[in-house]
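The values are calculated or read from the model by the stated rules, or taken from the named source; none is laboratory data. Treat the numbers as computed from the prediction; the structure is a model and nothing was measured. Here the Cβ positions follow ideal geometry from the backbone for every residue, glycine too, while neighbour counts run over all protein chains shown.
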Amino acid sequence: SLATAHTTGVSPVIRKKLMGYVGFANLPNQVHRKSVRKGFQFTAMVVGESGLGKSTLINTLFNTTLYPPKEPLPPAAERPKTVAIESIGADIEENGVRLHLTVVDTPGFGDFVNNDDSWKPIVENIESRFDSYLEQENRVNRMKVVDNRVHACLYFIQPTGHSLKQIDVEFMRRLHTKVNLIPVIAKADTLTDEEIADFKSRILSDIAHHNIHIFQAPTYDNEDEETIAEAEEIASKIPFAVVGSDKIVNTPDGRQVRGRAYPWGVVEVDNEEHCDFVKLRQMLVRTYMEELREYTNDVLYENWRTEKLLSMGVAQDSTVFKEINPAARLQEERVLHEAKLAKMEAEMKMVFQQKVQEKEAKLKQSEEELYARHKEMKDALEKQRAELEDKKRKIESGRPLTPEKASTNRKKGFLRT
Ligand code: GDP
């Protein structure tokens, strides 16, 4: 058999042809089975005014009674004043595939007189889920990472037939970088086909006008025509005009369907001629659930994480700045202070020297004065002495000499005239 050896580092890698089937080609299936066994986590959020059919649609999508029939909304005065975040979890299984589904509801959204900040608690909730995921990622033991991130957000647009409202635009603008937005026209059975078509195009132009990014099924170059066609088909229905019902009704032609019965006929939820429910389910569950999870992880979460780390980095930098700056400022202040001190010292020295000089001069002066006085006194005394001497001599010379004195004088040679 063929053997090509080349060395990488120390151990040679030898390519060998297999003699028969070994079975590790099944590895992807094993990995797949493992993730199937472990189950999948998916979190969907529903946002929209109360009564737009959110709970009904979730029940319809997952074919369960995740939401019991809702109590009618209490009078405005009795309602809570803020948007609440409530989540319901359910483990559902289909053909051995387990799905842990979480639906996050946002009761109160759009129900107030002033809905300006309705988006805020929702953004906070989405970010806190990112936070908890990041925290788990940073743990040493990463065995059991629970993914509670919101993978898709169904935004329910009121079927007014006009265009997006301020609250719709504001919500989508605030959320589109944090979550996969899937806009749906609620209760589409209240609009005619023509109204829906017009409404959709106005919604899409509003979305484009505000640069809002809504989830698009990704298309890859190497995909087959069928897959591309399917993605295009789904994309062409956005925003999905949906009808929800968890009731089975009889059609005039005797079929039993999930739908809504009206005096003039039956709206079938699962009939693509009647609404876009099937395409929405395809987007959310059947075809793109994994894409939604991936996009959440690879793009939305990653961008948020990068931004968060960056902002922390910037914050760190600014603390460093704050730490360096005061030091630099202190240093600068110290230099200034020292200069000031030196100047003061010099001034003091100068003043001191001046004073010393003055004192010295004064001392010198007084010394001179003293000296002069001393000299004066000395001179005066000297003069006095001289005078006295002179007087004495005169007195002595004018007085008759005693015999002894005269003889002494003679002996000394003095002559007397
Ligand atoms: P939520 O407050 O948004 O969760 O709304 P619900 O799901 O509780 O629905 C409110 C009301 O609207 C109920 O009476 C539902 O039967 C009704 N409803 C739900 N979905 C639809 C729909 O697609 N079309 C129509 N016409 N009514 C609906």
**OP:** Return yes when LEU191 is touching a residue at least 40 places away in the same chain (Cβ under 8 Å) and in contact with a Lys or Arg (Cβ under 8 Å, 6 or more places away or on another chain) and no when it is not.
**Re:** no
**OP:** Please determine, by comparing only the residues of the stretch 172-199 that are assigned to a helix (DSSP H, G or I) and within 16 Å of the ligand (Cβ to nearest atom), which one is surrounded by the most Cβ atoms within 10 Å (Cβ to Cβ).
**Re:** ALA188
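What are the residues in the stretch 217-238 that are in a loop (DSSP other than H, G, I, E, B) and hydrophobic (A, V, I, L, M, F, W, C), if any?
Listed by number, the residues that qualify are ALA217, ILE238.
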**OP:** Looking only at the stretch 10-62, count how many residues are more than 16 Å from the ligand (Cβ to nearest atom), more than 33 Å from the chain's Cα centre (by Cα) and surrounded by 14 or more Cβ atoms within 10 Å (Cβ to Cβ).
**Re:** 1
Original post:
If you go through the stretch 374-409 one residue at a time, how many are surrounded by 10 or more Cβ atoms within 10 Å (Cβ to Cβ) and either modelled with pLDDT of 80 or more or on the phi > 0 side of the Ramachandran plot (or both)?
Top reply: 22
Original post:
Exactly one of (1) more than 16 Å from the ligand (Cβ to nearest atom); (2) under 30 Å from GLY259 (Cα atoms) is unmet by GLU135. Its number?
Top reply: (2)
**OP:** Could you tell me whether GLY96 is out of contact with any Phe, Trp or Tyr (no Cβ under 9 Å at 6 or more places or on another chain), buried (at least 20 other Cβ atoms within 10 Å of the Cβ) and more than 18 Å from LYS178 (Cα to Cα)?
**Re:** no
**OP:** Return the pairs, sorted by first residue and then second, in which the second residue is among the hydrophobic types (A, V, I, L, M, F, W, C), the first residue lies in the stretch 28-39 and is over 13 Å from ARG98 (Cβ atoms), the beta carbons are less than 9 Å apart, and the residues are 6+ apart or on different chains.
**Re:** GLN30/PHE24
Original post:
Would a scan of the stretch 68-76 turn up a residue that is within 12 Å of the ligand (Cβ to nearest atom) and in contact with a strand residue (DSSP E or B) (Cβ under 7 Å, 6 or more places away or on another chain)?
Top reply: no
Original post:
Can you pull out the residues in the stretch 233-254 that are loosely packed, with under 12 Cβ neighbours inside 10 Å and at negative phi?
Top reply: SER236, ILE248, PRO252, ASP253
Subject >> Hits in the stretch 260-276 (condition: in contact with a strand residue (DSSP E or B) (Cβ under 9 Å, 6 or more places away or on another chain) and either acidic (Asp, Glu) or on the phi > 0 side of the Ramachandran plot (or both)) >> reply: GLU268, ASP270, ASP276
Original post:
For the stretch 239-280, how many residues are in a loop (DSSP other than H, G, I, E, B), within 12 Å of the ligand (Cβ to nearest atom) and of a type outside the set (Ser, Thr, Tyr)?
Top reply: 9
